[in-house]
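The numbers here are math on the coordinates, done by the rules we state, and not lab data. Treat the numbers as computed from the prediction; the structure is a model and nothing was measured. Counting neighbours? That spans all protein chains shown, and the Cβs are built from the backbone with ideal geometry, glycine included.
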Amino acid sequence: MSEQSTPTAATAHRRKADDPGQAAQQAPQQAPEIVDGKTRRRVVAASFIGNFVEWFDYAVYGYLAATIAAVFFPESAGETALLATFGLFAVSFIVRPAGGFIWGHIGDKVGRRTALSLSILIMSMSTFAIGLLPSYAAVGVLAPLLLLAVRIVQGFSAAGEYAGASVFLVEYAPKGKRGLFAAVVPASTATGLLLGSLMAAMLYGVLPAEAMESWGWRIPFFLAAPMGIIGRFIRTRLEDTPAFRNLAQEDDVVKAPVRAMFRNHWRTLLIAIGAVLLNAVGFYMLLSYMPTYMTQELGFDSTQAFMATTFALIAYIGFIFLTGHASDRFGRKKMLISASVLFIVFTVPAFMLLDTGSFAVVVLVQMALGAMLTLNDGTLPSFLAEMFPTSIRYSGFAVSFNLSNALFGGTAPFMATLLIGVLNTSLAPGWYLMAAAAIALSAVLCAKETCGAPLRDK
């Protein structure tokens, strides 16, 4: 099917407005569309590459935080400059709930493919723009203001990516493999982080501090444009998901998906927001903030810090597909509950071990924490997608995921740095992560098991 023939809001006469009950009575059920293996492989490849590009772009900022602090906040010193840098990191998340509403509306009304193709283009261009920004030494206070503006655009774009890619894969997945297929999303996210970590480690290892602050930090941001063009090209060559095409052909696409979500599925939305909390805090704490924690709090050099995070990311990627497959076999709730319990019990002891000063111990602890996180992250994409019906699936996933990430994920590096200073203990990030796991556990216990149940249309 060409891009022109894909059903959209402009080509389908929508009679049902946003009343799922009426739509269910008027529209006959169609036989499930048979998707061949070649198409599924293309979908997996496109989802992996696109999500990889998005999160490489987004993560580079966190890995270069110390240098960015020196470039854009030179008049502040040490922890104050770092807090300012992570403050900008957190502020960019404020726009993500709004982005979740907008991308969810586009994805549920116009199509999943359209939303994903636009989001990767916006992310790539905004990331490239960061590499062009002048420093504080060149334009003064205008420099951090421009950085803030571009970070907000990045946050808006990221709001549509994780949710859209997950929905896309779940709706294309064969029976009994939705967890495995959806695990491609966190795997590609971590791969983007891994490349960012390796590139940061190489730059810090090869370039002197003066060169890094002058021009070296810009290199990863300049890579965004060509990678984004490739990702967009691949995505525009795919058809939209069978589930969405069926709704469009049957005139069942909801006119106001966000309103329908709040009116008919608000309880599910609240549970989903709580369930995301461990992912939100754990992901950014363990896989983005850790290099900064190791250099600023534990006294390791930058190369060692990025090496340790690289090993953690490799463990994460290695385990993520196993946990996705395990969630198909044992159920989503069992996996999510296990992850929360493990973090409640072992997070603080793990941070105590990090403080031993042994690099080998630090690497092993980070790898263990990364593997533990996969129990949650390998299960969460399929769990969230299955909680909501097709007519509002993109909106439900995007809004719940981005609200939780805006409130707790984007602020995790800032809160970790702040709590260390306030409480005067390097264990503060561990206590914060343990609290997030406890809240996520409470939410998951209130949810229904979604594994094995057919995807609902309305």
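Which of the lysines could a cross-linker span from K448 if the Cα-Cα distance has to be under 20 Å and same-chain partners fewer than 8 positions apart are dropped?
By straight Cα distance, K448 reaches K175, K177, K333, K334, K458.
Give the residue from F93, V185, T241 lying farthest towards the positive end of the charge dipole for the chain; charges sit on Cβ (+1 for Lys and Arg, -1 for Asp and Glu) and the dipole is referred to the Cα centre.
T241
Compute the long axis of helix 359-377 from its Cα atoms, compare it with the longest principal axis of the Cα atoms of the chain, and write down the angle in degrees, 0 to 90, nearest 10.
Relative to the chain, helix 359-377 is tipped by roughly 20 degrees.
Quickly estimate the mean residue ellipticity at 222 nm for the chain, helices only: each DSSP H run with n ≥ 4 gives -39500 (n - 2.57), and the total goes over all residues, rounded to 500. Display every interim value, and only then the final one.
Values: 24 runs with 346 residues, N = 458.
Helix-only estimate at 222 nm: -24500 deg cm²/dmol.
Largest first and to the nearest Å, give the Cα extent of the stretch 408-458 along each principal axis.
Principal extents (Cα only, largest first): 50, 19, 13 Å.
Name the residue farthest towards the positive end of the dipole of the chain from the options G331, L433, A360, assuming +1 on Cβ of Lys and Arg, -1 on Cβ of Asp and Glu, about the Cα centre.
Going by the charge dipole, the pick is G331.
For the residues T189, T425, what sequence is obtained by ranking on other C-beta atoms within 10 Å, fewest first?
T425, T189
For the stretch 293-359, what does the alpha-carbon gyration tensor say about shape, rounded, prolate or oblate, given a ≥ b ≥ c as the root eigenvalues, a/c under 1.5 as rounded, and a/b over b/c as prolate? The partial results should precede the final answer.
Numbers: a/c = 4.30, a/b = 1.84, b/c = 2.33.
Oblate shape, in that a/c is at least 1.5 and b/c is the bigger or equal ratio.
Against the 2.2 N^0.38 Å scaling, with N counting residues, where does the chain land? I'd like the Cα-based Rg ratio to two decimal places.
0.95
Go through M202, S119, V170 and say which Cα lies farthest out towards the positive end of the charge dipole of the chain; charges sit on Cβ, +1 for Lys and Arg, -1 for Asp and Glu.
Sorting the options by dipole projection puts first V170.
Taking all pairs of distinct Cα atoms, average 1/r, flip it, and tell me the Kirkwood hydrodynamic radius of the stretch 34-130 in Å to one decimal place. Walk me through the numbers on the way to the answer.
Values: mean 1/r = 0.0634 Å⁻¹.
Hydrodynamic radius (Kirkwood, Cα only) of the stretch 34-130 equals 15.8 Å.
In whole percent, what relative contact order does the chain give with Cα contacts below 8 Å and a gap of six or more residues?
Dividing the mean separation by the residue count of the chain yields 27 percent.
Quick one: I219, I271, fewest Cβ neighbours within 10 Å first, how do they rank?
Lowest to highest Cβ neighbour count: I219, I271.
Quick one: give the max-minus-min coordinate of the C-alpha atoms of the stretch 238-281 along each principal axis, largest first, in Å.
38, 28, 11 Å, listed from the longest principal axis down.
Between rounded, prolate and oblate, where does the stretch 123-216 land on the alpha carbon gyration tensor, with a ≥ b ≥ c its root eigenvalues, rounded for a/c under 1.5, else prolate if a/b exceeds b/c?
Verdict is oblate for the stretch 123-216.
Find the all-direction average of the projected area of the Cα convex hull for the stretch 80-158, expressing the result in square nanometres with one decimal place.
Mean projected area of the Cα convex hull: 5.3 nm².
Sorted from largest down, what three extents in whole angstroms do the Cα atoms of the stretch 312-426 have along their principal axes?
51, 31, 23
Alpha carbons only, please: Rg and Dmax for the stretch 251-385, in angstrom.
Just the Cα atoms of the stretch 251-385 yield Rg and Dmax of 17.9, 62 Å.
Quick check for me: using +1 on Lys/Arg Cβ and -1 on Asp/Glu Cβ, what's the dipole size of the stretch 135-260 about its Cα centre, in debye to the nearest 20?
Rounded to the nearest 20 debye, it is 160 debye.
For the chain, which span is the longest to avoid every loop-located (per DSSP) member of GluC sites (Glu not before Pro) having at most 15 other Cβ atoms inside 10 Å?
Counting at most 15 other Cβ atoms within 10 Å as exposed, the longest clean stretch of the chain is 76-448.
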